[in-house]
Amino acid sequence: MSTSVTFEKATRIYPGSEKPAVDGLDLEIAEGEFLVLVGPSGCGKSTSLRMLAGLEDVTSGRILIGDRDITHLRPKDRDIAMVFQNYALYPHMSVGENMGFALKIAGVNKSDIDARVLEAAKILDLEPYLDRKPKALSGGQRQRVAMGRAIVRQPQVFCMDEPLSNLDAKLRVSTRTQIASLQRRLDTTTVYVTHDQVEAMTMGDRVAVLKDGLLQQVDTPLGLYDKPKNAFVAGFIGSPAMNLGTFCVEDGHALIGEARVPLPRSTVGALKGDKVQLGFRPEALVLSSADDAASFPVEALVIEELGSDAFLYGNMIGDDLRADHVVARIAPRSVPAKGAKVWFSIEPGRLHAFDVESGDALPTD
Amino acid sequence: MSSITPPVIVETDEMIAGATAKDRRAPRVRRRSDRSVGASVALHATLLLATFIALFPMAWVVLSSFKPASEIRRSDIQFVVDPTLENYRKVLFDTNFPTWFLNSLVVAAFTMVIGIAMAATAGYALSRFNFPGKRGLMWVFLITQMFPVAILIVPIYTIMAKAGLIDTKASLVIAYCTVAVPFCAWMLRGYFDTIPKELDEAAALDGLGPFGTFWRVILPLARPGLAVTAFYTFLTAWGEVAYAIAFMQSDDHYTLGAGLQQFVPQFSPRWELLTAGAVLITIPAAIVFFFAQKHLVAGLTAGGTKG
């Protein structure tokens, strides 16, 4: 049943606004793929999803499901099921009625509806609750009913709009895994919207990062992590975030405070001015000493001990430093004291460089 | 609109502190809920007076309805000396009261049904759809409320006359709808606004069109709002006098409001009939209210959405 989804230059401009909420989105989602749309609030990710679901008009461009142009079809003719952030269960219907409602509208006979609802309820552990009203359920159970309502329909595409954001932290982590494994099992093409990059990284086959209505990059989670196309993606993906700062370049070396960090030749070749924006992930920093010319001192402000990891949050010490704050992953259980001065250097090959003006990635090979 | 939260009495630290302080015979600390004697007396006196003012006319009407005609005009205040049901018998069997009652019932029922149907659909459109003239329409609904009936009677009479509707029940139903629908549409719009829009969207994805969504998802959740609307439209029509007198011309077309006036002409008014009739006409209103209030439950939309 599963099929591909294609956005072709899909654009949405809200009435009364000049700026598109979604600007020329080009995106191909393969059959059975789990694609996550991620970005900060207002980036157009929900609007993109709602365009696919038929809840927002498409101002220009096309959206296809398989070969079918669904750009201007009504929501019910698109064969799509959606899970809403606030679940949107029908409060006056029981769990079973909620899940079977779409089939009832479609005129499926009652015994078939009951069979399919029961099957979905088994998958989601909802069997004991089929006769209850939504208000008698916990948040996690309501979330599962919303999922159940979607899977009962056996649609071609699932749309999920931040379905986990109303759950508490612990439940969110376990439900995250359940949704991902359920999707693998059903093999239904899924478009999933979230603002949480951890969800994006852990759930998606591929992740599309949006900002201000523009698609920034689509790649596998690791692809985004290792090869961000620009400084925005670099800073958005990863937790804690990548350290980003702008530094002067002199003789092929970036001046980070007292340190002179050699830049790859390709980076220097691509530079447009005498400044470069550098990025390095917390785990790319290694403890070093003052003797190393490429190391820079950091004053430790806060140490977060997580047991398996520890993160050091500190300020770079030195004149003329733009990237004041630095996060570094350090070995747990033997951490420096607060206020201590620690030298770090960047592990070779794990440096990201970006153009100061455009933010585009520069080659670092 | 009907959520009445019972007062929650929380034992605060202050109260506990107050209690222990008293045990130790320390100077009495006034607890949060304490009032001075003077304030209590003044408060209760005011409340009693307000209650008396509110209830006295009704009590007087009920008492009078059981008095014989000869007693009813005595000005000295006294309770019923010689209670009788004669007034009720006369009203029900010797006058046109049953006909008027039936007329009123028909007019009020039609006003209620048509009024709700129009107000609910209009309110839903105002709540959910964007269309040209939406703001204008809402202003019109408000502005029409501002004209007093006295001003509207003549033009509406002219319209009814031209339409050949004078002395028909339809004229009253239409006139009452002009009063009730704009107000109820505003009110229901407010109620529909409290129902999350995601439910409409979920319904659209589940295969319902706009009317199906309205009928199968929104209306069941708007029961409290509809109940209030029903009661309001019913009352608008039930006791109305001004339009009824103006439009209805033959005695057996009168509704109750117009008919009861016949009992109290300027000379030799028959108060005993009026009071008995007045008591009788409260019964259907009470019945409608009884059914309406059953639906005045809070929390119908609970559990549908979170956040």
What number of residues within segment A:44-61 satisfy the criterion of being of a type in the set (Val, Ile, Thr) and open to solvent by 40 Å² or more (accessible area, probe 1.4 Å)?
-> 1
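Looking only at segment B:255-295, filter to residues that are open to solvent by less than 50 Å² (accessible area, probe 1.4 Å) and assigned to a loop (DSSP other than H, G, I, E, B); which one of those is farthest from the other protein chains (Cβ to nearest Cβ)? If you could, list the steps in order and put the result at the bottom.
Applying the first criterion (open to solvent by less than 50 Å² (accessible area, probe 1.4 Å)) to segment B:255-295 yields B:255-260, B:263-264, B:269, B:272-281, B:284-285, B:288, B:292.
Checking which are assigned to a loop (DSSP other than H, G, I, E, B) leaves us with B:255, B:263-264, B:269.
Working: B:THR255: 37, B:PHE263: 47, B:VAL264: 49, B:PRO269: 52 Å.
Filtering segment B:255-295 for residues that are open to solvent by less than 50 Å² (accessible area, probe 1.4 Å) and assigned to a loop (DSSP other than H, G, I, E, B), the one farthest from the other protein chains (Cβ to nearest Cβ) comes out as B:PRO269.
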Confirm whether A:LEU64 is closer than 11 Å to A:ASP161 by Cβ, touching a strand residue (DSSP E or B) at 6+ places or on another chain (Cβ under 8 Å) and open to solvent by less than 50 Å² (accessible area, probe 1.4 Å).
-> no
Residue in segment A:134-141 that is surrounded by fewer than 21 Cβ atoms within 10 Å (Cβ to Cβ), assigned to a loop (DSSP other than H, G, I, E, B) and out of contact with any Asp or Glu (no Cβ under 9 Å at 6 or more places or on another chain) present | yes
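Here's the yes/no breakdown for (1) farther than 24 Å from A:GLN178 by Cα; (2) part of a loop (DSSP other than H, G, I, E, B); (3) within 11 Å of another protein chain (Cβ to nearest Cβ):
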{"site": "A:GLU8", "(1), (2), (3)": "yes, no, no"}
{"site": "A:GLY32", "(1), (2), (3)": "no, yes, no"}
{"site": "A:LEU37", "(1), (2), (3)": "no, no, no"}
{"site": "A:ALA81", "(1), (2), (3)": "no, no, yes"}
{"site": "A:TYR90", "(1), (2), (3)": "no, yes, yes"}
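Just the residues that are within 7 Å of chain A (Cβ to nearest Cβ) and either buried (at least 20 other Cβ atoms within 10 Å of the Cβ) or of a type in the set (Phe, Trp, Tyr) (or both), please, taken from segment B:208-229.
Just the residues of segment B:208-229 that are within 7 Å of chain A (Cβ to nearest Cβ), to begin with: B:208, B:217, B:220-221.
Within segment B:208-229, B:LEU208, B:VAL217, B:LEU221 qualify.
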Scan of segment B:179-191 for residues that are crowded, with 23+ Cβ neighbours inside 10 Å and under 17 Å from B:ALA108 (Cα atoms), ordered by number = B:ALA180, B:VAL181, B:CYS184
Counting only residues that are touching a strand residue (DSSP E or B) at 6+ places or on another chain (Cβ under 7 Å) and farther than 15 Å from A:GLY235 by Cα, how many does segment A:338-361 have?
-> 10
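Across segment A:180-226, what is the total count of residues that are part of a helix (DSSP H, G or I), among the hydrophobic types (A, V, I, L, M, F, W, C) and under 15 Å from the mean Cα position of the chain (by Cα)? Show your work before the answer.
Keep residues of segment A:180-226 that are part of a helix (DSSP H, G or I), which gives A:180-186, A:197-203, A:221-226.
Now narrow it down to the ones that are among the hydrophobic types (A, V, I, L, M, F, W, C): A:180, A:182, A:186, A:198, A:200-201, A:203, A:222, A:224.
Then drop every residue that is not under 15 Å from the mean Cα position of the chain (by Cα), which leaves A:180, A:198, A:200-201, A:203, A:222, A:224.
Qualifying residue count, segment A:180-226: 7.
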Might you let me know whether segment B:197-205 holds any residue that is surrounded by fewer than 19 Cβ atoms within 10 Å (Cβ to Cβ), within 14 Å of chain A (Cβ to nearest Cβ) and part of a helix (DSSP H, G or I)?
-> yes
Of the residues B:THR233, B:THR194, which single one is assigned by TED's automatic domain parsing to the domain that holds B:ALA125, of a type in the set (S, T, N, Q) and open to solvent by 30 Å² or more (accessible area, probe 1.4 Å)?
-> B:THR194
For segment A:237-307, which fully contained strands (runs of 3 or more DSSP E) count at least 2 residues that are of a type in the set (Asp, Glu) and either open to solvent by 10 Å² or more (accessible area, probe 1.4 Å) or in contact with a helix residue (DSSP H, G or I) (Cβ under 8 Å, 6 or more places away or on another chain) (or both)?
-> A:296-305
Determine if segment B:147-169 includes at least one residue that is within 14 Å of chain A (Cβ to nearest Cβ) and part of a helix (DSSP H, G or I).
-> no
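The values are calculated or read from the model by the stated rules, or taken from the named source; none is laboratory data. What you are looking at is a predicted structure, and each value in this text was computed from that prediction instead of being measured. No Cβ is skipped: glycine too gets one built from the backbone with ideal geometry, and neighbour counts run over all protein chains shown. For the accessible areas, the whole protein counts, side chains as well, though only heavy atoms, and no ligand, DNA or RNA atoms are used. Shrake-Rupley method; radii C 1.70, N 1.55, O 1.52, S 1.80 Å.
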